[in-house]
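Encoded as structure tokens, the structure appears first; notes follow it.
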Amino acid sequence: MSMDDLEPRPKPPDFSTQDLSRMSIDELQRRIGDLKAEIDRTQAALDAKSKHKSAADALFGKKD
């Protein structure tokens with residue numbers, strides 16, 4: 001086990017607390033693009049982990 005495994009994971013940014021009223025239209029559009037890209041990246045990671053879990057369940061049998 002790596003020492004990094006023992007460190008607490010950083011919390012993801014809380015986007016709900018950011019003041020959007022001060023952002024321009026261009027900044028808001030860029031923010032939406034960035035958030036969509038992050039959603040796509042997160043979905044890809046979730047899909048990969050789900051496939052890995054399914055393969056492990058098939059190999060070792062699912063534990064309830």
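What number of residues within the stretch 17-34 are part of a helix (DSSP H, G or I) and hydroxyl-bearing (Ser, Thr, Tyr)? So the answer is 1.
Any residue in the stretch 1-11 that is surrounded by 10 or more Cβ atoms within 10 Å (Cβ to Cβ), over 13 Å from the mean Cα position of the chain (by Cα) and at pLDDT 85 or above?
Step one: list which residues in the stretch 1-11 are surrounded by 10 or more Cβ atoms within 10 Å (Cβ to Cβ), which gives none.
Checking the stretch 1-11: not a single residue is surrounded by 10 or more Cβ atoms within 10 Å (Cβ to Cβ), over 13 Å from the mean Cα position of the chain (by Cα) and at pLDDT 85 or above.
Between ALA44, ALA56, ALA37, the distinction of being assigned to a helix (DSSP H, G or I), more than 21 Å from the chain's Cα centre (by Cα) and surrounded by 10 or more Cβ atoms within 10 Å (Cβ to Cβ) belongs to ALA56 only. SER50: in a helix (DSSP H, G or I) and among the hydroxyl-bearing types (Ser, Thr, Tyr), yes or no? Here the answer is yes, as SER50 does meet what is asked. Residue pairs whose Cβ atoms lie under 8 Å apart, separated by 6 or more positions or on different chains, with the first residue in the stretch 2-16 and assigned to a helix (DSSP H, G or I) and the second at pLDDT below 80, do not occur.
The values are calculated or read from the model by the stated rules, or taken from the named source; none is laboratory data. This is a predicted model, so every value here is computed, not measured. A quick note on method: Cβ atoms are made from the backbone with ideal geometry, for glycine too, and the neighbour counts reach across all protein chains shown.
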